[in-house]
Amino acid sequence: AAASSGGLVAYADSGSDAAVQQPQLPPRKKVVVLGTGWGGTTFLRNLDSRLYDVQVISPRNYFAFTPLLPSVTSGTVEPRSIVEPIRRVLEKKGGEIKFWEAECFKIDPQSKKIHCRSNVGTNLEGNGEFLVDYDYLVVAVGARTNTFNTPGVVENCHFLKEVEDAQKIRRSVMDCFERASLPFLNEEERKKNLHFVVVGGGPTGVEFAASLHDFVTEDLSKLYPSIQHLVKISLIEAADHILTMFDKRITNFAEDKFGRDGIDVKTGYKVVKVSKDDITMQNPATGDISVPYGMAVWSTGIGTRPFVVEFMKQIGQANRRVLATDEWLRVRECDGVYAIGDCATINQRKVMEDISEIFRVADKDKSGTLTVKEIQDILDDIYVRYPQVQLYLKSKQMNGIADLVRSAKGDAEKESVELNIEEFKKALSLVDSQVKFLPATAQVASQQGQYLARCFNKMKDAEENPEGPIRIRGEGRHRFRPFRYRHLGQFAPLGGEQTAAQLPGDWISIGHSSQWLWYSVYATKQISWRTRMLVVSDWTRRFIFGRDSSC
Ligand code: FAD
Ligand code: MG
Ligand code: MG
Ligand code: MG
Ligand code: MG
């Protein structure tokens, strides 16, 4: 039933099928999911969709396996091989989930409605705008590329975020080679066209530069023998090093390898302007320098989407950069709204904010002091609620809370230590320094999607038994443990069949063996057998025939 209201087509989808067939059941709660990327898709795949009336809204009707996007830019992997139609994902759930290809442009948390606009056609009634109401909203819309308002970037640079971006880059690389081959160009012009600039020395920029280098040396140099010596790849990074989020050994290896490969790594340079022909960068020592370029890829980090910024203003988060949630991934002060992945950040509760409350709960005998035993009794709850405590003890090589207590009291007293509130505060005063922010990765987004789906699957059960395992009150009792991220390691492909891997426990491995680990991990992580087949056959084709250069 559609009703027009002031230019907006209101979509009323309240009569769910289950309510019709089984009138004795109350209608299922409405879950609306925004986004079909890593967060949203993982949530949907793990959700028990029989429990809810689920609607999915995204301007892209497919899921994209982003870690292989750099491989698409060089034709190692075909675009089709890394995307999975979202309707196929939903069909596997029994066809109970609805999908609308549209973009959300406004969230109204008071009336629990979202405003959407279809991007399929413009000849729709009311500009294709419609309203969807929700009981629970899962915001998984990812982030946008951040240009830091640098002039000329949007007009002249490529981004590497979506499948279309990777396809455009590939075409643009080929255009640069074909242009540089034209008969009427002089040497300078050929050089300009063959200067490829990558801005941003993070994992994406580095992997792209490496895969471009492979493409040029392994495939294009044979096809363009007369101009191959004119090719130059520059990687520009504002910080002192590339891959700063990795271990120092990996950073050094990468910088050395790029040096040997002839990739010009310019660290300490900030790009301040990009025009059609030149890229201008700044360094305190050299001042501004402008270099001609043929193609530039901008990959310097991510920012918040405009409609999420608007939403943050509405809910009192105007002074934040990223939408904040609690450790249960709930948007604060916003009933029924959850946020996962790149669009959100977890605001980890600080011990010092709750210290009096923790003291009160621990002091069972109301003596006004805490014994080591009293602290130990609630320690598991503290560790779950405040993971920074465990990290702090580990960083100080302390074996347990007793060490911390003794250090607060001075070593003299041993068995009968008791802390008053001031001493307790002093003992824990530094633990919050260990609060960690999670990186914007597929790994985090998918673990959050999985966690949230499990919470949703148990929500009814939780409502009937509200007494949760977490007894310390930050904001009420909780049935579910807070989200805990498990870091499984991270790769940095560096080209030439070499990859750096940083695995848990600071285990570092660099070289050809990690490249094979990389192949097997990314083959395993594919979301369907179809894409797995396609990706593996792309890799095989590349090994046998090389990369395709037609575009
Ligand atoms: P996304 O996956 O970006 O999904 C956002 C979804 O929201 C999309 O479907 C989008 O269409 C939709 N959307 C956007 N706007 C709206 C709107 N207004 N309304 C509704 N829907 C909307 N991470 C790793 O862990 N390992 C890697 O090797 C790795 N490599 C990467 C390589 C590249 C080139 C890139 C770009 C990223 C890489 N990442 C990697 C990071 C990873 O892709 C992101 O962290 C991850 O995609 C975040 O998931 P998400 O669900 O938050 O957002
Ligand atoms: Mg998503
Ligand atoms: Mg994605
Ligand atoms: Mg995040
Ligand atoms: Mg006591």
Among beta bridges assigned by DSSP with both residues in the chain, the antiparallel ones amount in percent, to the nearest 5, to 55 percent
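Report the extension gain between THR244 and ASP135 in nm, rounded to one decimal, defined as 0.36 nm multiplied by the number of residues separating them, less their alpha carbon distance. Don't skip to the answer; put the middle values down first.
Numbers: separation 109, 0.36 × 109 = 39.24 nm, distance 4.13 nm.
Gain in length upon complete extension: 35.1 nm.
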Taking only the Cα positions of the chain, the convex hull volume per residue in Å³ is 189 Å³
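Need the full-extension length gain, ARG50 to PHE545, defined as separation in residues times 0.36 nm minus the C-alpha distance. One decimal, nm. All intermediate terms of the calculation are to be shown ahead of the outcome.
Values: separation 495, 0.36 × 495 = 178.20 nm, distance 4.74 nm.
Between ARG50 and PHE545, full extension yields an extra 173.5 nm.
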Give me log10 I(q)/I(0) at q = 0.10 Å⁻¹ for the range 31-175, Debye formula, one equal scatterer per alpha-carbon, no solvent. -0.42
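Out of every Cα pair in the range 26-76, what percent are spaced more than 13 Å from each other? Could you put the intermediate results ahead of the total?
Numbers: 814 of 1275 pairs.
Cα-Cα pairs of the range 26-76 separated by over 13 Å account for 64 percent.
Quick check on packing: order 217-226, 307-316 by the mean number of other C-beta atoms within 10 Å, highest mean leading. Don't skip to the end; give the middle numbers.
Details: 217-226: 14.6, 307-316: 16.8.
The most tightly packed comes first, giving 307-316, 217-226.
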If I model a spin label at ASP108 and GLU187 as a point 7 Å from the Cα along the Cα→Cβ vector, what separation in nanometres do I get? 6.7 nm
Probe 1.4 Å, all protein chains present, accessible-area order of ASP135, ASP288, largest first: ASP288, ASP135
Rounded to the nearest 20 Debye, what is the dipole magnitude of the chain about its Cα centre when Lys and Arg each give +1 and Asp and Glu each give -1 at the C-beta? 580 debye
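If you take all C-alpha pairs in the range 355-434, what percent of them are over 21 Å apart?
19 percent
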May I have the extent of the alpha carbons of the range 193-266 along their three principal axes, as whole Å values ordered from largest to smallest? 39, 20, 17
Taking the dipole of the chain about the Cα centre (Lys, Arg +1; Asp, Glu -1; charges at Cβ), the one of ILE358, LEU235, PHE196 that reaches farthest to the positive side is ILE358
Candidate lysines for bridging to LYS270, where Cα separation is under 24 Å - those fewer than 8 sequence places away on the same chain excluded: LYS161, LYS191, LYS192, LYS232, LYS248, LYS257
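List the relative contact order of the chain as a percent without decimals, with contacts defined as Cα pairs under 8 Å and 6+ residues apart.
Working: 981 pairs, mean separation 88.9, N = 551.
That works out to 16 percent.
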For LYS106, which lysines qualify as cross-link partners when the Cα separation must be under 17 Å and same-chain residues fewer than eight apart are set aside? LYS313
Can you list residues from other chains, or at least 5 along the same chain, whose modelled amide H is less than 5 Å from the amide H of LEU494? THR499, ALA500
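Using a 1.4 angstrom probe on the protein heavy atoms only, could you order THR540, THR325 from most to least accessible area? The partial results should precede the final answer.
Numbers: THR540 65, THR325 0 Å².
Solvent-accessible surface, decreasing: THR540, THR325.
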For LYS113, which lysines qualify as cross-link partners when the Cα separation must be under 16 Å and same-chain residues fewer than eight apart are set aside? LYS29, LYS30
With an 8 Å cut-off on Cα pairs and a minimum separation of 6 or more residues, tell me the relative contact order of the range 355-434 in percent. 36 percent
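Can you work out the FRET efficiency for the pair ILE355 and ASP506, with r the C-beta to C-beta distance and R0 = 25 Å, to the nearest 0.05? Let's see the in-between values first.
On the way: r = 32 Å, r/R0 = 1.27.
Approximately 0.20, to the nearest 0.05.
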Return one number: the angle in degrees, 0 to 90 and rounded to the nearest 10, between the long axis of the Cα atoms of helix 512-524 and the longest principal axis of the Cα atoms of the chain. 70 degrees
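Can you tell me the length gained on complete extension of the stretch SER407 to GLU310, counting 0.36 nm per residue apart and subtracting the Cα distance?
On the way: separation 97, 0.36 × 97 = 34.92 nm, distance 4.72 nm.
Using 0.36 nm per residue and subtracting the Cα-Cα distance, I get 30.2 nm.
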Determine how large the accessible area of LYS266 is when every protein chain is in place; take a 1.4 Å probe and give Å² rounded to the nearest 10. 50 Å²
C-alpha long axis of helix 163-181 to longest principal axis of the chain, angle in °: 20 degrees
Rounded to the nearest 10 degrees, what's the angle between the helix 442-457 long axis and the longest principal axis of the chain, both from Cα atoms, 0 to 90? 40 degrees
Report the rotationally averaged projected area of the range 218-364 based on its alpha-carbon convex hull, in square nanometres. 16.1 nm²
Could you give the size of the charge dipole of the range 345-453 about its Cα centre, using +1 on the Cβ of each K and R and -1 on the Cβ of each D and E, expressed in debye and rounded to the nearest 20? 360 debye
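The values are calculated or read from the model by the stated rules, or taken from the named source; none is laboratory data. Being a predicted model, the structure only gives us computed values, none of them experimental. All Cβ positions, even for glycine, are placed from backbone atoms using ideal geometry, and neighbour counts span all protein chains on display. The protein model used for the area step is the full one, side chains on, heavy atoms only, and it has no ligands, DNA or RNA in it. Shrake-Rupley method; radii C 1.70, N 1.55, O 1.52, S 1.80 Å.
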